[in-house]
1. Can you order the peptides 75-82, 5-12 by their average number of other Cβ atoms within 10 Å per residue, highest first?
2. Share of the chain's accessible area from carbon and sulfur, percent, 1.4 Å?
3. Mind checking which lysines have their Cα closer than 29 Å to the Cα of residue 14? Skip sequence neighbours fewer than 8 apart in that chain.
4. What is the sum of charges, Lys and Arg at +1 and Asp and Glu at -1, for the other residues whose Cβ falls under 15 Å from the Cβ of residue 61?
5. Based on Cβ point charges of +1 for Lys and Arg and -1 for Asp and Glu, what charge dipole magnitude is obtained for the chain about its Cα centre, in debye rounded to the nearest 20?
6. What residue among 64, 13, 42 shows peak mean-square fluctuation when the chain is described by a Gaussian network model with Cα springs under 10 Å?
7. Measuring with a 1.4 Å probe in the full set of protein chains, what accessible area per residue, in whole Å², belongs to the range 12-73?
8. Could you give the Stokes-Einstein D for the chain in µm² per second, using the C-alpha Kirkwood radius, 25 °C, 0.890 mPa s?
Amino acid sequence: MTPEESQQFEEMKKRINLLEAESAGLQMAVIALIANHPDQTKFHLYLSRYLELQAAPEAQALMKLLSPAQKETTRTLVEWLGAIPENKS
């Protein structure tokens, strides 16, 4: 690996680390919002419906550029978010 390639590789690793950190922070914020949503039933129904609409071949506005593996990860994440329990306190 040339020094330039090595530098590019290190930059890519830094970007990936930042993206992972940003993703974790966003997930925490979304979890807090979901857990405190005033109408849990309505929220979960909308989330499920929206996922199905985005996954439909004719829609795919948000998911059309994702690879099959990324689409599966997106579905898994949304389903996981949909299972977050209501904050009862």
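1. 75-82, 5-12
2. Carbon and sulfur together cover 63 percent of it.
3. Result set, ordered by chain and number: 64, 71.
4. Net charge in that neighbourhood comes out at +1.
5. 320 debye
6. Checking each option, the largest mean-square fluctuation is seen for 13.
7. With all protein chains present, the range 12-73 gives 80 Å² per residue.
8. D, rounded to a whole number, is 158 µm²/s.
The values are calculated or read from the model by the stated rules, or taken from the named source; none is laboratory data. Bear in mind that the values here come from a model prediction, so they are computed numbers and not experimental data. Glycine gets a Cβ as well: all are built from the backbone with ideal geometry, and neighbour counts include every protein chain shown. Heads up: the accessible areas ignore ligands, DNA and RNA and are worked out on the full protein's heavy atoms, side chains in. Shrake-Rupley method; radii C 1.70, N 1.55, O 1.52, S 1.80 Å.
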